[in-house]
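The values are calculated or read from the model by the stated rules, or taken from the named source; none is laboratory data. What you see is a predicted model, and the numbers here were worked out from it, not measured in a lab. Here the Cβ positions follow ideal geometry from the backbone for every residue, glycine too, while neighbour counts run over all protein chains shown.
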Amino acid sequence: MNSGHEKYSSIILIILGIIALLFPMISTEAIGFLSGIVIILLAAGFIVAGISELILTKYFGLIYIIFGILAMIFACYLIFDPAFVSGMVGLMVYLFGILLIALGIILFFIGPIGMVGIITLLYGILTVIVGFFINDPKILGTLIGLWLLILGITSLFTKKEDYIDV
């Protein structure tokens with residue numbers, strides 16, 4: 001069992017997981033909001049860098065500014081549209097699944113152990129299927145809640161000696 005602050009972190013994760021399960025849209029909105037804020041900060045950095053770069057080269061400066069403006073627009077979508085967040089996550093999961101399918105095929109024919117390729121291929125297919133369902137913000141919020149809950153419960157019973165410092 002954990003003691004001290006590890007126990008409190010586990011309990012907080014469990015509470016957040018339960019809240020996300022009860023109110024799945026809130027967790028999707030929270031992820032979109034936090035991601036949007038980070039991207040807005042990065043976009044502001046790009047715009048400032050672009051303005052200062054205009055002194056040296058107009059082309060790179062304009063590229064930075066345009067990229068910063070596009071990032072600002074993207075951030076606004078993340079902050080104000082939970083369906084957009086789910087769509088982006090779904091797209092990333094689809095792409096990851098497709099990469100896993102390709103890797104599975106390659107490992108099956110080229111790898112030393114064909115079973116690893118088959119397992120990777122099946123996991124890729126499963127990932128693409130999950131990506132289809134994640135496009136719904138409520139399902140994404142529920143998956144976030146389950147992840148937080150499982151993470152909290154497992155970390156509650158993990159001993160400090162089980163961790164490996166890297």
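Give the residues of the stretch 99-132 that are loosely packed, with under 15 Cβ neighbours inside 10 Å and touching a residue at least 40 places away in the same chain (Cβ under 8 Å), sorted by residue number.
Once the filter is applied, which keeps residues that are loosely packed, with under 15 Cβ neighbours inside 10 Å and touching a residue at least 40 places away in the same chain (Cβ under 8 Å), the stretch 99-132 yields only Phe132.
Quick one: would you say Gly152 is at pLDDT below 85, part of a helix (DSSP H, G or I) and more than 13 Å from Gly90 (Cβ to Cβ)?
Values: at pLDDT below 85: no; part of a helix (DSSP H, G or I): yes; more than 13 Å from Gly90 (Cβ to Cβ): yes.
The answer is no for Gly152.
Looking at Ile12, Ile19, can you tell me which residue is touching a residue at least 60 places away in the same chain (Cβ under 8 Å), among the hydrophobic types (A, V, I, L, M, F, W, C), loosely packed, with under 14 Cβ neighbours inside 10 Å and touching a Gly at 6+ places or on another chain (Cβ under 8 Å)? Can you show your working first?
Values: Ile19 fails: loosely packed, with under 14 Cβ neighbours inside 10 Å.
None of the others qualify; the one that does is Ile12.
Check Tyr163 against each of (1) within 22 Å of the chain's Cα centre (by Cα); (2) modelled with pLDDT under 80; (3) among the aromatic types (Phe, Trp, Tyr) and name the one condition it does not meet.
(1)
Take the stretch 44-79 and flag every residue that is surrounded by fewer than 13 Cβ atoms within 10 Å (Cβ to Cβ) and either within 14 Å of Phe33 (Cα to Cα) or charged (D, E, K, R) (or both). Break it down stepwise before answering.
Within the stretch 44-79, the subset surrounded by fewer than 13 Cβ atoms within 10 Å (Cβ to Cβ) is 52, 55-59, 70, 73.
Of everything in the stretch 44-79, those that are surrounded by fewer than 13 Cβ atoms within 10 Å (Cβ to Cβ) and either within 14 Å of Phe33 (Cα to Cα) or charged (D, E, K, R) (or both) turn out to be Lys58, Ile73.
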